[in-house]
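The values are calculated or read from the model by the stated rules, or taken from the named source; none is laboratory data. Keep in mind that what you see is a predicted model, and the values were worked out from it rather than measured. Reconstructed Cβ throughout: ideal geometry from the backbone, glycine too, with neighbour counts over all protein chains shown.
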Amino acid sequence: MIYVTHDIDWLNPWHPFAIAKTFTHGNKWLRLGQLKNQDLFLNGIETLLKFNQSKAINAIWLIGATNEFPFKNKGLRYTFSCQATKKALAMLMENNADIGLHSVSTEPIIEQCNRLNETIKKEINYHRSHYLNYSPQTLYPQLKQAKIAIDFSLGTAREVSLPKLDTFNEDGLRLIPTILFDNIFFFQKPEVVFEKFKSVLREVKSTQSDVAILFHPENFLINPALWEYYQECIRLINQH
């Protein structure tokens, strides 16, 4: 099976880091004028939800559930208690989206999981670490404690690849590698990415592996061409 996943990294366009990135990240980030819209990221989530529905794409949405100070290094830029998070969750739930946890490494997974579970009133079955910032020795026992069944944290953000492991099971926890991250389109030509993706899909088929792809909702706002790339990835998956 190939899972389509979306990580929610940003919800507040007025966060100082969002503004600072307009001066440091060039065309790999939003324009300052876009950030004037307080609902920018929420609108991006809504647009992607509607697109997925129109194409019958059953995606998994991974959202943060920490209330830690949102200025930490490699932290999320929103808190679980903020209004934007509440609106995002309401939108996802209204659309019957599958919701998982996008965790930070500086707070126990069980606390983040319980916080999300209490809000959506469903078991949390899916997880990915924010920034892929984790160690297996620390993360996997915490995921088992939280009774999370599937982890998408394996993968390399700047390359299309299938990790080589002896096993993708950790005592009941399934490790589903993410073989394609949308950020790669900011660094490599799309035709190069697609050739690599097709090659890895052949490998996935021959090994009968379960894998995932990741597209962030804010990246569609940064580069509208990503809509075309996303559709091509889905087309290749359906051919697979």
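Assorted remarks:
- Yes/no for Ile45 being out of contact with any Ser or Thr (no Cβ under 9 Å at 6 or more places or on another chain), under 26 Å from Glu232 (Cα atoms), surrounded by fewer than 19 Cβ atoms within 10 Å (Cβ to Cβ) and at pLDDT 90 or above: no
- Residue in segment 90-101 that is without any contact (Cβ under 8 Å) to a residue 60 or more places away in the chain, more than 18 Å from the chain's Cα centre (by Cα), surrounded by fewer than 19 Cβ atoms within 10 Å (Cβ to Cβ) and more than 25 Å from Thr119 (Cβ to Cβ) present: no
- Qualifying residue in segment 13-28 (condition: under 26 Å from Asn96 (Cβ atoms) and not in a helix (DSSP H, G or I)): no
- Tabulated pairs, segment 207-219, first in contact (Cβ under 8 Å) with a residue 60 or more places away in the chain and β-branched (Val, Ile, Thr), second crowded, with 21+ Cβ neighbours inside 10 Å and part of a loop (DSSP other than H, G, I, E, B), C-beta under 8 angstrom, 6+ apart or interchain: Val211/Ile176; Val211/Pro177
- Residue match in segment 148-155 (condition: surrounded by fewer than 18 Cβ atoms within 10 Å (Cβ to Cβ), at pLDDT below 95 and not aliphatic (A, V, I, L, M)): no
- Taken residue by residue, segment 52-69 has at least one member that is of a type in the set (A, V, I, L, M, F, W, C), loosely packed, with under 13 Cβ neighbours inside 10 Å, over 19 Å from the mean Cα position of the chain (by Cα) and within 19 Å of Ser103 (Cα to Cα).
Matching residues to (1) farther than 30 Å from Gln208 by Cα; (2) touching a Phe, Trp or Tyr at 6+ places or on another chain (Cβ under 9 Å); (3) in contact (Cβ under 8 Å) with a residue 24 or more places away in the chain:
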{"residue": "Ile8", "(1), (2), (3)": "no, yes, yes"}
{"residue": "Lys21", "(1), (2), (3)": "yes, yes, no"}
{"residue": "Gly26", "(1), (2), (3)": "yes, no, no"}
{"residue": "Arg31", "(1), (2), (3)": "yes, no, no"}
{"residue": "Phe41", "(1), (2), (3)": "yes, yes, yes"}
{"residue": "Gly44", "(1), (2), (3)": "yes, yes, yes"}
{"residue": "Thr47", "(1), (2), (3)": "yes, yes, yes"}
{"residue": "Lys50", "(1), (2), (3)": "yes, no, no"}
{"residue": "Ile57", "(1), (2), (3)": "no, yes, yes"}
